[in-house]
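A.B. asks: Mind having a look at this structure? Questions to follow.
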Amino acid sequence: MSKVMSKPRIVIVGAGFAGYQAARRLGATMADHARITLINSTDFFLYLPLLPEVAAGILDPRRVSVPLAATLPRVECLLGEVRSIDRDARRLRARSPEGRDFDVDFDRLVLAAGSVNKLLPVPGVGENAHGFRGIPEALYLRDHIIRQLELAEFTEDPAERAARCTFVVVGAGYTGTEVAAQCQLFTSALARRHRGLGDQRIRWLLLDLAPRVLPELDRRLGRTAERVLRERGVEVRTETSISEATPDGVRLTTGEDVPTRTLIWCVGVRPDPLVEGLGLDTERGRLVVDEYLTVPGQPDLFACGDVAAVPDLTRPGQLTAMTAQHATRQGTVAARNVAASLGHGTRRAYRHRDLGFVVDLGGVKAAANPLGVRLSGLPAKVVTRGYHLAALPGNRLRTSADWLLDAVLPRQSVQLGLVRSGAVPLDSEAPELPN
Ligand SMILES: Cc1cc2nc3c(=O)[nH]c(=O)nc-3n(C[C@H](O)[C@H](O)[C@H](O)COP(=O)(O)OP(=O)(O)OC[C@H]3O[C@@H](n4cnc5c(N)ncnc54)[C@H](O)[C@@H]3O)c2cc1C
């Protein structure tokens, strides 16, 4: 016991791409030299890139949830949400899911709390839109989509039917694009089963203020994605957003009114609010770190992933993008540098050039540019699924089985009613939405 107590304690906040990877690496290299603690709001690592497939009914939500305790055997995993950090006392306070506060002391702290939905001051959005950041939102959206088509089938009012069959996604980054692509195919398949919908048009609108789809990625990926979406009938409106949202519809910035009961808000993310309370320098809301992922003047404090403003050494003057690819690699480097700060190994600067990106567009379509090679159609789909399987730290067989079943069987569509609208507000501080 006294030996354990004398070991330095490394605490990691957040078990997303960055924190999970840091914990894995530290568990493998430092478990004999330090006590490694991972604090996360859930008991699993969430593989966010496959979340649109959960909303579209392809994957069971457990496939994208990799259990922490089972996959990180040499790491102490604590369930809780970190509420405050006392840098001088080297102590943080967290709250358990049952509301009990507890303190954790640390010698080294790795902040990897990720990001949250970015809100814009558009009237009605906080009350009428839903974001897409976690399993509750994905399950809510799946139920909501099924419900809209089921209610549309039986209404006598053609205007209501049209509104229920209209789905608006704001934000054509990878989240919005994949949600629109996957869920549009889902609604097409559902509509064929609802004979009462007859030839009712199912409308999907994908809006972005940027002049193109996937504005943050390679131009050619955006072109492929836009072409596939337009071929399927998705109305892609670039340089357009919404100026107002109500329970019955949205007004576009062009002045056009679109009656709808579904507004999915994918306009981007901002770093976790935990950063704001630290009293440290931030850049675009992200905690400033140097190329070693250390907070300047705070040798015990490291940050990585979306929460950190990491200088991109391959593009001087810019920050690394908020992507899973960067977060994962930064987690590895943070772990190495934490170990070096405790006298084990040498530290390394973070430098990573993008290896390409994959965007799953549902069905047999995808867009990918592995190592700069532009792919579309089936080859891109194979690369995309292969990439996700390789990147998933667990559940690979079950995920493959779900994909196989989806390829040969009709998709199941039942509303489970597990997540109500009020449980997934866009802004956690916003008033609860009605069911
Ligand atoms: C739907 C969706 C699809 C995406 N698709 C792609 C894609 O295809 N490719 C790509 O590169 N990127 C994608 N991204 C972005 C990518 O997922 C993020 O860049 C990546 O998750 C960042 O990793 P992270 O470790 O910084 O944060 P996260 O993965 O968000 O992890 C943060 C973790 O910290 C926990 N946490 C937060 N606050 C606290 C607290 N106070 N106390 C304790 N724990 C806390 C959270 O529960 C979470 O587990 C997608 C994002 C979304 C939302």
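A.B. asks: So, in nm, how far is label Arg351 from label Glu235 when the simple model puts each one 7 Å beyond its Cα toward the Cβ?
C.D. replies: 5.0 nm
A.B. asks: Once phi is turned into θ = phi - 60°, what whole-Hz ³J(HN,Hα) does the Karplus curve with 6.51, -1.76 and 1.60 give for every residue of region 164-171, x standing for Gly and Pro?
C.D. replies: The phi angles translate into 5, 9, 10, 10, 10, 10, 9, x Hz.
A.B. asks: Share of antiparallel DSSP beta bridges in the chain, in percent to the nearest 5?
C.D. replies: Within the chain, antiparallel bridges account for around 50 percent of the total.
A.B. asks: List every residue whose amide H lies under 5 Å from the amide H of Phe45, counting only residues 5 or more places away in sequence or on a different chain, with H placed 1.01 Å from N in the peptide plane.
C.D. replies: Amide H neighbours of Phe45: Val66, Leu68.
A.B. asks: Based on the Kirkwood radius over alpha-carbon pairs, what is the Stokes-Einstein translational diffusion coefficient of the chain at 4 °C with 1.567 mPa s viscosity, in µm²/s?
C.D. replies: Answer from the Stokes-Einstein relation: 57 µm²/s.
A.B. asks: If I model a spin label at Ala159 and Ala423 as a point 7 Å from the Cα along the Cα→Cβ vector, what separation in nanometres do I get?
C.D. replies: Result: 3.4 nm between the two label points.
A.B. asks: Also, quick follow-up: Take the eigenvalues of the Cα gyration tensor for region 163-306, scale each by 5, and report the square roots as semi-axes in whole Å, largest first.
C.D. replies: Ellipsoid half-lengths, sorted descending, are 38, 17, 14 Å.
A.B. asks: Which angle between 0 and 90 degrees, to the nearest 10, do you get for helix 174-193 versus the longest principal axis of the chain when only C-alpha atoms count?
C.D. replies: 40 degrees
A.B. asks: Once the piece of chain linking Val382 and Thr246 is laid out straight, how much longer is it, given 0.36 nm per residue of separation minus the C-alpha distance between them?
C.D. replies: Between Val382 and Thr246, full extension yields 44.9 nm more.
A.B. asks: Taking 0.36 nm per residue of separation and subtracting the Cα-Cα distance, what length does fully extending Gln298 through Arg91 add?
C.D. replies: 73.1 nm
A.B. asks: In addition: Running a GNM on the chain with Cα contacts under 10 Å, which residue among Leu355, Leu79, Leu26 ends up with the highest mean-square fluctuation?
C.D. replies: Leu355
A.B. asks: Return the long-range amide H neighbours of Glu244 (sequence gap of 5 or more, or a different chain), with a cut-off of under 5 Å between placed amide H atoms.
C.D. replies: Result for Glu244 returns Arg251.
A.B. asks: In Å³ and rounded to a whole number, note down the convex hull volume per residue for the Cα atoms of region 54-162.
C.D. replies: Expressed per residue, the convex hull around the Cα atoms of region 54-162 is 176 Å³.
A.B. asks: Which FRET efficiency value, to the nearest 0.05, do you get for Arg284 and Arg195 by plugging their Cβ-Cβ distance into 1/(1 + (r/R0)^6) with R0 = 51 Å?
C.D. replies: Here the calculated transfer efficiency is 0.50.
A.B. asks: Between Arg396 and Leu313, how many nm apart are label points set 7 Å from Cα along the C-beta direction?
C.D. replies: Here the answer is 3.0 nm between the modelled labels.
A.B. asks: Expressed as an acute angle from 0 to 90° and rounded to the nearest 10, what is the orientation of the C-alpha long axis of helix 324-341 relative to the principal long axis of the chain?
C.D. replies: The answer is roughly 10 degrees.
A.B. asks: Can you list the HN-Hα couplings for region 305-318, worked out from phi with the Karplus curve (6.51, -1.76, 1.60; θ = phi - 60°), rounded to whole Hz and with x for Gly and Pro?
C.D. replies: x, 4, 6, 10, 8, 8, x, 8, 5, 8, 9, x, x, 10
A.B. asks: Also, quick follow-up: Enumerate the aspartates and glutamates that Lys365 could reach by cross-link, defined here as Cα to Cα under 16 Å, with residues fewer than 8 away along the same chain left out.
C.D. replies: The reachable aspartates and glutamates, counting only those whose Cα sits under 16 Å from Lys365, are Glu53, Glu178, Glu226, Glu231, Asp406.
Here, each number is a calculation from the coordinates, and none is a lab measurement. On a predicted model such as this, the values are computed, not experimentally measured, just so you know. Here the Cβ is made from the backbone with ideal geometry for all residues, glycine too, and neighbour counts use every protein chain on show.
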